[in-house]
Amino acid sequence: MHSIRITAHLLSQILLLFVVVSLHVNVIAQEKELNIIKPGSFLYAGKQPRSWPSPSGHFEFGFYPQGSGYAAGIWLVGRPENTVVWTANRDDPPVSANSTLEFTAQGTLLLRTENGEEKIIANPSSSGSVDSASMLDTGNFVLYWKRSVVWESFDFPTDTILGGQNLSGDHNQLISSVSRSNHSSGQFLLSMQPDGNLVAYVNNSAELDTDDAYWDTGTDGYSFSVLNLNTRGVLTMYSESNLDEERVPGLLENGSTTGNETKIIYRASVDPDGIFRLYSHQLESNTISNFAQNLDDVCDVKGHCGLNSYCSGKGNDFGCYCYPGFTFIDENTKFLGCSQNFTVDGCEARKDLSIQYKITALENITWAGYPSYVKHDLDKEECKKACEEDCSCGGVLYSSTGCSIYGLPLKYGRRQESIMTTAFIKVIIGSTISPSSGISPILINEGNRSLILTMGLSLGSFASLSFLMALCSFLLYRHRVKSYEKLSENTSPVLTEQFTLRSFTFNELDEATHGFGEELGRGSFGAVYKGILPGNGKSIVVKRLPKVNEGDTDWVRTEMMVIGRTNHRNLVRLLGFCVEGSRKLLVYEYLSNGSLADFLFNMNERPVWKERARIALDVAKGILYLHEECEACIIHCNLKPHNILLDDSLTAKISDFGLAKLLRPKHTSSSTRTKGTEWYSAPERQSSASVSEKVFDVYSFGLILLEIICCRSNIEVQVCSADEILLSTWVYNCFVGGELKKLVEGEKEVDMRMVERFVKVGLWCIQDDPTLRPPMKNVTLMLEGTMNVPIPPSPSPSPSPSPSLPHV
């Protein structure tokens, strides 16, 4: 009996061991079947393993090529190419081949770049509560805790939803990609709105404007809150509180669901052209079919053609065209829109100009937006004349309902035979400076023949006047020649003969400044003194440059000639110079309203927004001229509010341009720069001796633009919280938090759309990565509203100076 009990006990132990081993083998088999990923696993952008596949191998999660680098995401495996259906941190720049993706022991999915920067891709709210991950055959990447899903990519859609995926709750929208190969956020957005309406619109503002919408389901007023694509390829909408599905008329659906559905994968995507399409992927035949889409005509998508252009065509056979007098900003990316060959900054700036233009008619065309005003009971000619008489008019739409006057830019243009509207476009063909600012613009149009006669008579008078001016110029020339002959022996004749500027002797400037007695300031490039020219009593500014060796005279001569040939309304005018031996002096016009720093930071009252916005555009145009439009490219390298001066009409003028190169790098090194100058320098300048990169000026302008917006210094220690010390950090936090009104708090008559546009431009300009900073041409166009401004990433500011530093 005892031996029987022993045998029974032994059998029970063996049976228990068999059950445990069976369970363990079963768990291993299940994990293998689900391709379970354990913490501590790695993926590599430049080598294997690059991805984690789903059990069937139809989907993979990992690194895929994008641009010149790699991005992390999910794709549907196909031949000859894969289809990307989800991208992590899609608006970050591509990473290098040395980047890695780690599933950490703490349960975080972490992307680590080559330079050591870490970016979180997935991190459930409860830290340490993840024990595994898996790429599922549905295209969903999930994180588990004890076999329960705690995070899934289906909750964070980008431009695509797959079979079994919803749009609902906080993640109720799809944003198109820039292109088929660039999966960053694009122009178009599909949103499941709280009012039960599914809407497609142009993604170009913080708030939805009904003007931007181009398609909807017309279900506003329903209780729908969920959009679902089921595994049979049918899109439905229903309410979370009422799970009974209700098919919505007009919503995309699969017309045929026959066949082996397990071998078909369905997806719905907002494509880069703005059309919402439903696709089926036949896995056996490796074919892709687009069997439904919300719009048949690409031109029905607003924003497909950019500002000041229109879309013409039918279906996929279409083209973008500029209005008369406009040209494409970039022929290869026409969605950026068009700009004028000639620009004038509003009616106020036209008071001293004679604007010449003509009115061009286009039939069967319309555009969106709110007109400045509408006039009724006018015929075509009267409507056309109404635009002629309005200096702010950029275009007119004439139809049976009235005459609508619009300012620039014109957006969402469409040309189609069924549109019974005539458009009149004002085409600027030139300008001349009027003798007096009170003279009205000269209007030239096809019907004004008397004006042409008047201009003919004026030309005769002009010829007579030209003869008198030529005679005076000859006499003046003879006088200048005699003046040049009186220069001291130390003055370089080779230098002076190539200048059209006035050449001063040192004694003349010493007398004009009363022995250099009234010092206006002192900076990196020397001291500045106020003076008065004897004879005409004109106020001047004299800048004494550091002494230059005699052997550098040719170098100074060449660079001074470049500075002297600049001519722009937003640059301080150089009146003359003095070169005597090692003494070098420059003579500038005197501007009575001081510097931009005084205007922004030392005023008793905050300057009004319109003045600040105009000043910002003035500065941008001045930098653009130096970079791209003058005879030789000039990099300022020392931009800051103290070097931007204001004239009597508060027109901003940049000073000290070209001096960095004139004095050579040894005179402008970091050892001689003030703290204020360092605060406006790009991060890479701390490690680079080169001063030939335009990106330095772009970065400095970005900081100045943010200061103009907020009327405060880049670094401010007397603030409410530590986050506000560095202006760029505070502005970015307000931008992403939708609190831009804090930046202009207490101000009246502020255009918040313009504030948002200026903020986005400023944040792009101060990106740590120099390649992300836009050129000044694009900066100017974006500030004017001619070019769309994408959502900027975080500027990732470099370490700030000590908070104990004084206010700049």
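The values are calculated or read from the model by the stated rules, or taken from the named source; none is laboratory data. Bear in mind the structure is a predicted one, so any value in this text is a computation, not a measurement. Cβ: placed from backbone, ideal geometry, glycine included. Neighbour counts: every protein chain shown.
Could you go through the range 177-186 and let me know if any residue there is of a type in the set (Lys, Arg) and either outside any strand (DSSP E or B) or modelled with pLDDT under 90 (or both). Reasoning before the result, please.
Filtering the range 177-186 down to residues of a type in the set (Lys, Arg) leaves 180.
Still in the running and either outside any strand (DSSP E or B) or modelled with pLDDT under 90 (or both): 180.
So far as the range 177-186 goes, yes, one or more of its residues are of a type in the set (Lys, Arg) and either outside any strand (DSSP E or B) or modelled with pLDDT under 90 (or both).
This table checks each residue for (1) over 22 Å from Ile791 (Cβ atoms); (2) at pLDDT below 95.
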{"position": "Arg79", "(1), (2)": "yes, yes"}
{"position": "Asn89", "(1), (2)": "no, yes"}
{"position": "Ala105", "(1), (2)": "yes, yes"}
{"position": "Thr108", "(1), (2)": "yes, yes"}
{"position": "Glu117", "(1), (2)": "no, yes"}
{"position": "Ala122", "(1), (2)": "no, yes"}
{"position": "Tyr144", "(1), (2)": "yes, yes"}
{"position": "Thr160", "(1), (2)": "no, no"}
{"position": "Gly164", "(1), (2)": "yes, yes"}
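For the range 213-228, name all the residues that are over 10 Å from Val199 (Cα atoms) and in contact with a Phe, Trp or Tyr (Cβ under 6 Å, 6 or more places away or on another chain).
The answer is Val226, and nothing else.
Would you call Ser690 in the same structural domain as Glu611 (by TED's automatic domain parsing), assigned to a loop (DSSP other than H, G, I, E, B) and either modelled with pLDDT under 70 or under 25 Å from Gly526 (Cα atoms) (or both)? Spell out how you get there, then give the answer.
On the way: in the same structural domain as Glu611 (by TED's automatic domain parsing): yes; assigned to a loop (DSSP other than H, G, I, E, B): yes; either modelled with pLDDT under 70 or under 25 Å from Gly526 (Cα atoms) (or both): yes.
So Ser690 fits the description; yes.
Residue-by-condition table, conditions (1) within 20 Å of Glu611 (Cβ to Cβ); (2) in a loop (DSSP other than H, G, I, E, B); (3) of a type outside the set (A, V, I, L, M):
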| residue | (1), (2), (3) |
| --- | --- |
| Ile704 | yes, no, no |
| Val719 | no, yes, no |
| Tyr732 | no, no, yes |
| Glu747 | yes, yes, yes |
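Could you grab me the full set of residues in the range 693-736 that are over 17 Å from Leu600 (Cα atoms) and of a type in the set (Lys, Arg)?
Lys694
Is it fair to say Val344 is farther than 17 Å from Asn788 by Cβ, among the β-branched types (Val, Ile, Thr) and at pLDDT below 90?
Working: farther than 17 Å from Asn788 by Cβ: yes; among the β-branched types (Val, Ile, Thr): yes; at pLDDT below 90: yes.
So Val344 fits the description; yes.
So Ile161 passes all but one of these: (1) assigned by TED's automatic domain parsing to the domain that holds Thr236; (2) outside any strand (DSSP E or B). Which condition number does it fail?
Ile161 satisfies all of (1) assigned by TED's automatic domain parsing to the domain that holds Thr236; (2) outside any strand (DSSP E or B) except (2).
Given the criterion more than 22 Å from Asp297 (Cβ to Cβ), part of a strand (DSSP E or B) and more than 26 Å from the chain's Cα centre (by Cα), identify the matching residue among Thr231, Thr236. Full working, then the answer.
On the way: Thr231 fails: part of a strand (DSSP E or B).
Selected residue: Thr236, the only one of Thr231, Thr236 that is more than 22 Å from Asp297 (Cβ to Cβ), part of a strand (DSSP E or B) and more than 26 Å from the chain's Cα centre (by Cα).
Of the residues in the range 572-585, how many are touching a helix residue (DSSP H, G or I) at 6+ places or on another chain (Cβ under 8 Å) and surrounded by 19 or more Cβ atoms within 10 Å (Cβ to Cβ)?
Initial filter on the range 572-585 (touching a helix residue (DSSP H, G or I) at 6+ places or on another chain (Cβ under 8 Å)): 574, 577-585.
Okay, now just the ones that are also surrounded by 19 or more Cβ atoms within 10 Å (Cβ to Cβ), so 574, 577-579, 584-585.
Counting residues in the range 572-585 that are touching a helix residue (DSSP H, G or I) at 6+ places or on another chain (Cβ under 8 Å) and surrounded by 19 or more Cβ atoms within 10 Å (Cβ to Cβ) gives 6.
Rundown of residues vs (1) of a type in the set (A, V, I, L, M); (2) farther than 13 Å from Leu43 by Cα; (3) crowded, with 16+ Cβ neighbours inside 10 Å, yes/no style:
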position: Val77; (1), (2), (3): yes, yes, yes
position: Glu81; (1), (2), (3): no, yes, no
position: Ala88; (1), (2), (3): yes, yes, yes
position: Ala97; (1), (2), (3): yes, no, no
position: Glu102; (1), (2), (3): no, no, yes
position: Ala105; (1), (2), (3): yes, yes, no
position: Glu114; (1), (2), (3): no, yes, no
position: Ile121; (1), (2), (3): yes, yes, yes
position: Val130; (1), (2), (3): yes, yes, yes
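Scan (1) touching a helix residue (DSSP H, G or I) at 6+ places or on another chain (Cβ under 8 Å); (2) modelled with pLDDT under 85; (3) outside any strand (DSSP E or B) for the single condition Phe318 breaks and write down its number.
So Phe318 meets the others, but not (3).
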